[in-house]
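Engineer: Shown below is the structure under consideration.
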Amino acid sequence: MSTRAERRTLVARAVQAKARAYAPYSRFRVGAAVLAEDGTIVSGCNVENSSYSLTICAERNAVFQAAARGKTRLRAVAIASDDPEFLPPCGACRQVLSEFNPSMEIILTTVDGRMKITSLDRLFPMPADLKKLARPRSIQKP
């Protein structure tokens, strides 16, 4: 759980990241900021590509940058867009976020500054968990 001050800072960093979004096709800018367990904040923005499947969302951009800095224990993410409604993470982003904390705090904001706080486990109750595949299993011979 983040503090009120951490939430304000996260939202401000997400809004700053949104300003750097590369969205020449959709013109839909999104920024995200993740809060690591040690208090480090890392932000990211959406980066579009003319081959839409190569586009990356702001949330994944922020998480990947955090991981590249060795920050893999995440507590919260704030998401800012130009939308007047709350914009939750897409399914791909939910899956990536769950890898770093399945109960992560999610701070959703609107363009006019409203804020809604929820958690990843509420938005995404059953993520894929390949770590379960790494468990030793006994193999039955026929």
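Engineer: Quick one: count up the residues across the range 34-71 that are open to solvent by less than 20 Å² (accessible area, probe 1.4 Å) and more than 19 Å from ARG7 (Cα to Cα).
Structural biologist: 2
Engineer: In the range 1-30, what count of residues is obtained for those that are under 17 Å from GLU105 (Cβ atoms) and of a type in the set (Gly, Ala, Ser)?
Structural biologist: Step one: filter the range 1-30 for residues under 17 Å from GLU105 (Cβ atoms), giving 1-14.
Now drop any that are not of a type in the set (Gly, Ala, Ser), which leaves 2, 5, 12, 14.
Looking only at that region, the number is 4.
Engineer: Here's another thing I want to ask about it. Take TYR25 and tell me if it is at pLDDT below 95, in contact with a Phe, Trp or Tyr (Cβ under 8 Å, 6 or more places away or on another chain) and open to solvent by 40 Å² or more (accessible area, probe 1.4 Å).
Structural biologist: Taking the combined requirement at face value, the residue does not satisfy it.
Engineer: Right, another one. Do we have any residue at all in the range 49-56 that's under 15 Å from the mean Cα position of the chain (by Cα), touching a residue at least 12 places away in the same chain (Cβ under 8 Å) and outside any strand (DSSP E or B)?
Structural biologist: No, because not a single residue in the range 49-56 is under 15 Å from the mean Cα position of the chain (by Cα), touching a residue at least 12 places away in the same chain (Cβ under 8 Å) and outside any strand (DSSP E or B).
Engineer: Quick one: which of ALA14, ALA33, ALA80 is assigned to a helix (DSSP H, G or I) and either out of contact with any Phe, Trp or Tyr (no Cβ under 8 Å at 6 or more places or on another chain) or at pLDDT below 95 (or both)?
Structural biologist: Only one candidate passes the filter, namely ALA14.
The values are calculated or read from the model by the stated rules, or taken from the named source; none is laboratory data. Keep in mind it's a predicted model, so treat the numbers as computed, not measured. When we count neighbours, we look across all protein chains shown, and the Cβ atoms used for this are built from the backbone with ideal geometry, even at glycine. Each accessible area value is taken on the protein alone, full model and side chains, heavy atoms only, with ligands, DNA and RNA left out. Shrake-Rupley method; radii C 1.70, N 1.55, O 1.52, S 1.80 Å.
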